[in-house]
Amino acid sequence: MDVFLQQLINGLTLGSIYGLIAIGYTMVFGIIGMVNFAHGDVFMVSSFIALIAFLILTAWLGISSVALALLIVLVLAMALTALWGWAIERVAYRPLRGSFRLAPLISAIGVSIFLSNFVQVTQGARNKSTPPMLEGGIALMQSEGYTVFLSYKQVLIMTVTAVLLTGFWYLVQRTPFGRAQRACEQDRKMAALLGIDVDRTISLTFVLGAALAAVAGVLYLLYYGVVSFSDGFVPGVKAFTAAVLGGIGSLPGAVLGGLIIGLIEVFWSAYFSIEYKDVAAFSILAIVLIFMPSGILGRAEVEKV
Amino acid sequence: MADARTSSLPDILRDAGLYALVAFGLCIPIVAYRTNAGPTGLELTPRWPLVAAFCAAIFVLRVVQRLILARRDARRALTPSPAQATEAVQGEPDAGQRVSTFGLYAFLGIALTLPVIASLASGGLGPARYWIDLGILILTYVMLGWGLNIVVGLAGLLDLGYVAFYAVGAYCYALLSTTFGLSFWVCLPLAGLFAAAWGMVLGFPVLRLRGDYLAIVTLAFGEIIRLVLINWTDLTGGAAGISSIPRASFFGIPFSADEDGFAARFGLEFDSMHRVVFLYYLILGLALLTNFATLRLRRMPIGRAWEALREDEIACRSLGIDTTTTKLTAFALGAAFAGFAGSFFSVRQGFISPESFTFLESAIILAIVVLGGMGSQVGVAIAAVAMVGGPELLRNLGFLSAVFGEGFDPNEYRLLLFGLAMVAMMVWRPRGLISVRVPSVSLGERRAISGAHVSEGHG
């Protein structure tokens with residue numbers, strides 16, 4: 001029971017991070033119908049931005065308050081990563097609208113390779129580890145030498161995720177931008193005819209997706225304290241799995257999927273084998289895509305000829 | 001920014017300035033500070049001059065690009081474009097087509113005589129080893145590219161897990177030869193068969209999927225196979241891989257210095273290079289076999305079914321083509337050639353580990369197919385030479401290290417350029433280097449048409 005509770009907490013933490021990344025996949029797929037393969041690497045880039053920003057703030061500027069430093073890092077990482085998201089869409093995806101079916105996916109794979117190697121070339125291939133940013137926690141339960149521990153990191157990660165998701169939910173459901181975004185998702189041509197700037201909406205979608213990935217990147221760095229140039233691929237694929245599992249195109253689905261994937265991964269590692277945890281994630285991806293392509297909360301897609 | 005195309009100089013400068021500003025934003029802090037492991041944790045090294053150089057380069061490039069665009073627009077305004085024509089344009093054979101007919105023979109000639117040329121040029125077989133090894137490497141990728149071309153270029157199924165079949169072939173030879181002592185010539189067809197069987201096994205569940213989803217599922221399968229290879233330590237040796245895999249023999253005659261060896265039997269002086277030259281011709285033969293099979297298959301009903309499937313799956317089904325068999329044969333054949341290439345890889349290296357079969361490898365092979373112009377055999381060969389051979393050649397250019405400083409290794413930038421090239425190709429020439437298509441069947445005269453007239457775009 002104790003182990004179970006502890007794994008539940010760990011799983012929800014990890015799931016929050018996956019959920020944040022998954023939103024970027026699901027929104028982009030919803031609006032232009034492409035798998036933004038580079039999204040995982042955008043997440044990795046944001047982790048590096050956060051790492052460097054944190055080092056500058058603490059080591060050079062001497063900011064001793066961790067809360068303040070984290071807040072600045074978060075804002076900075078979101079802004080700069082959003083710029084990356086914008087630039088990528090502009091350079092690699094926008095010219096391809098109306099090109100053949102597989103062109104955007106191939107271009108996205110190119111961007112993904114470029115990003116991870118760009119970081120490798122500029123930052124070196126070694127793992128970068130940070131000093132622990134936030135320590136301590138609350139002991140929830142104690143029995144027979146096993147303590148169920150809820151660290152402050154985990155509290156922070158879950159709170160930030162919850163707050164951001166609420167804000168994001170409001171943005172998509174209640175603001176003019178959200179309306180435009182949902183309209184483009186349903187029918188781009190019609191939305192354009194009704195005076196919505198489709199290109200701008202798509203750009204903003206990428207910007208928002210990247211900003212949420214940046215939050216995930218900061219939290220990932222905070223949680224694990226280590227990042228390397230190749231860290232984008234596997235979390236990226238897992239987040240994509242989450243998006244597909246929840247039903248691609250559905251925002252609550254992405255978060256739900258993220259939590260499920262996080263829980264499955266953690267419980268799998270705890271009760272079965274840690275070596276095969278990625279195999280589990282990849283298998284879920286394949287199984288869901290083959291047998292349940294519309295996911296849990298998604299709409300079944302009808303193909304028009 | 002780019003949409004409002006006025007070509008006055010201040011406009012261009014302002015536009016380029018904006019680009020430079022964005023580049024600046026992208027550079028901080030990833031380029032501006034480098035993290036290094038110091039005695040007390042990570043330390044930062046500022047590199048602002050690099051950022052400045054980067055932004056300046058973007059600025060200049062953008063100005064040049066805008067000037068070229070402005071000129072082209074001015075010229076376009078005078079002559080009507082073919083896109084505005086009301087009748088189908090039967091274009092003159094363009095540069096790509098000329099390259100593809102001429103290049104075919106040039107390539108074949110060079111490929112067949114490379115060991116001779118290389119040993120004449122560098123004085124003896126020994127010094128030519130570097131070139132022959134490079135040739136083997138390039139030909140391996142040419143073969144993989146041609147194999148993947150069946151799946152992606154002809155059948156239009158985007159396979160991101162192709163390297164899995166390469167791995168199956170490699171492990172197949174490695175395991176069969178180390179445990180049962182089977183020779184390479186027995187294992188080669190077996191490896192192909194095994195890989196083809198795996199192609200069927202993995203192809204079967206994904207039959208219903210298309211496009212992006214198919215690509216992602218094949219990626220997942222590829223990763224699963226790699227992870228199993230890493231973790232199933234009892235069988236595969238785990239991450240350490242399998243070493244001391246038996247070398248290739250000349251159809252049973254080993255390349256050794258003793259009297260049963262190749263050199264003694266044929267009355268030659270022993271030279272360790274004989275084996276390398278043999279391997280070179282082996283992979284050349286395998287690659288040409290792949291090419292030959294593909295070209296012949298394209299003319300058979302199955303090949304035409306592949307191309308029809310790529311263009312329109314629903315139309316295909318309405319015409320009574322069995323899409324299940326069509327897709328499975330494409331997967332199986334593509335996989336079989338990857339299996340051959342894989343067993344060649346392990347006989348050449350003598351050592352294999354899961355490291356060699358990462359997703360990146362799949363992406364590189366895909367990049368070769370895409371850059372070559374999906375469906376074009378010569379294009380794939382050219383792309384393989386450019387992408388595998390190019391960085392190798394760059395390494396030997398002395399002046400590069402003079403420009404970029406000591407210790408400059410172009411190989412570090414190889415993948416970076418791969419990624420950029422993939423994006424650039426999709427943006428500028430989505431139909432690849434050789435974008436001309438020769439119809440497989442035609443009435444009367446066979447005329448090549450531009451890829452632009454093919455509906456799916458990569459026909």
Candidate set from segment A:92-123 (those that are farther than 20 Å from B:D212 by Cβ and more than 7 Å from chain B (Cβ to nearest Cβ)); member that is nearest to the chain's Cα centre (by Cα): A:S116
Residue count, segment B:351-391 (criterion: of a type in the set (S, T, N, Q), within 14 Å of chain A (Cβ to nearest Cβ) and under 13 Å from B:L144 (Cα atoms)): 1
When residues of segment A:42-76 are limited to those that are among the aromatic types (F, W, Y) and within 18 Å of A:A214 (Cβ to Cβ), the one nearest to the other protein chains (Cβ to nearest Cβ): A:F48
The one condition in (1) free of Cβ contacts under 8 Å to residues at least 24 places away in the same chain; (2) touching a Lys or Arg at 6+ places or on another chain (Cβ under 8 Å); (3) buried (at least 18 other Cβ atoms within 10 Å of the Cβ) that A:L96 fails to fulfil: (2)
Matching option when the condition is at the interface with chain A (Cβ under 9 Å from one of its Cβ atoms), at pLDDT below 80 and more than 22 Å from B:W146 (Cα to Cα), among B:E412, B:E406, B:E445: B:E412
Filter pass, A:V227 being in contact with a strand residue (DSSP E or B) (Cβ under 6 Å, 6 or more places away or on another chain) and closer than 27 Å to B:L415 by Cβ: yes
Lone unmet requirement of (1) out of contact with any Lys or Arg (no Cβ under 7 Å at 6 or more places or on another chain); (2) touching a residue at least 60 places away in the same chain (Cβ under 8 Å); (3) surrounded by fewer than 24 Cβ atoms within 10 Å (Cβ to Cβ) for B:I136: (1)
Selection status of B:G103, at positive phi, at pLDDT below 85, out of contact with any Ser or Thr (no Cβ under 7 Å at 6 or more places or on another chain) and not basic (K, R): no
Members of segment B:155-174 that are in a helix (DSSP H, G or I) and within 14 Å of the chain's Cα centre (by Cα): B:V163, B:Y166
So A:S112, is it surrounded by 13 or more Cβ atoms within 10 Å (Cβ to Cβ), modelled with pLDDT of 85 or more and not acidic (D, E): yes
Qualifying positions in segment B:255-273 - surrounded by 16 or more Cβ atoms within 10 Å (Cβ to Cβ) and more than 28 Å from the chain's Cα centre (by Cα): B:F255, B:S256, B:G261, B:F262, B:A263, B:D271
Test for B:I245: is it buried (at least 20 other Cβ atoms within 10 Å of the Cβ), assigned to a loop (DSSP other than H, G, I, E, B) and touching a residue at least 60 places away in the same chain (Cβ under 8 Å): yes
Long-range neighbours under 7 Å by Cβ, at least six apart or interchain, first residue more than 13 Å from A:V155 (Cα to Cα) and at pLDDT 90 or above within segment A:1-19, second buried (at least 22 other Cβ atoms within 10 Å of the Cβ) and among the basic types (K, R): A:Y18/A:K238
Any helices (runs of 4 or more DSSP H) falling wholly within segment A:206-305 and containing at least 1 residues that are more than 14 Å from chain B (Cβ to nearest Cβ) and either more than 27 Å from A:E185 (Cβ to Cβ) or among the small types (G, A, S) (or both): A:233-246, A:251-271
Close pairs from segment B:178-202: first in contact (Cβ under 8 Å) with a residue 40 or more places away in the chain, partner hydrophobic (A, V, I, L, M, F, W, C) and not in a helix (DSSP H, G or I), Cβ under 6 Å, at least 6 apart: B:F184/B:A248
Checking A:A59 against (1) under 30 Å from A:G247 (Cα atoms); (2) assigned to a helix (DSSP H, G or I), the condition it does not meet: (1)
Selected residue (only one of A:K153, A:K128 is buried (at least 19 other Cβ atoms within 10 Å of the Cβ), more than 7 Å from every other protein chain (Cβ to nearest Cβ) and modelled with pLDDT under 90): A:K153
Any hit, segment B:175-182, residues being within 26 Å of B:I283 (Cα to Cα), in the same structural domain as B:F251 (by TED's automatic domain parsing) and of a type in the set (F, W, Y): yes
Unique match (being in the same structural domain as B:L176 (by TED's automatic domain parsing), of a type in the set (D, E, K, R) and in contact with a Lys or Arg (Cβ under 9 Å, 6 or more places away or on another chain)) among B:R310, B:R298: B:R298
Close pairs from segment B:18-32: first in contact (Cβ under 8 Å) with a residue 24 or more places away in the chain and assigned by TED's automatic domain parsing to the domain that holds B:V63, partner assigned to a loop (DSSP other than H, G, I, E, B) and buried (at least 20 other Cβ atoms within 10 Å of the Cβ), Cβ under 6 Å, at least 6 apart: none
Positions within segment B:178-217 being within 14 Å of chain A (Cβ to nearest Cβ) and of a type outside the set (A, V, I, L, M, F, W, C), in sequence order: B:G203, B:P205, B:R208, B:R210, B:G211, B:D212, B:Y213
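The values are calculated or read from the model by the stated rules, or taken from the named source; none is laboratory data. These numbers were taken from a predicted model, which means no experiment stands behind them. Positions of Cβ are backbone-derived with ideal geometry, glycine not excepted, and every protein chain shown enters the neighbour counts.
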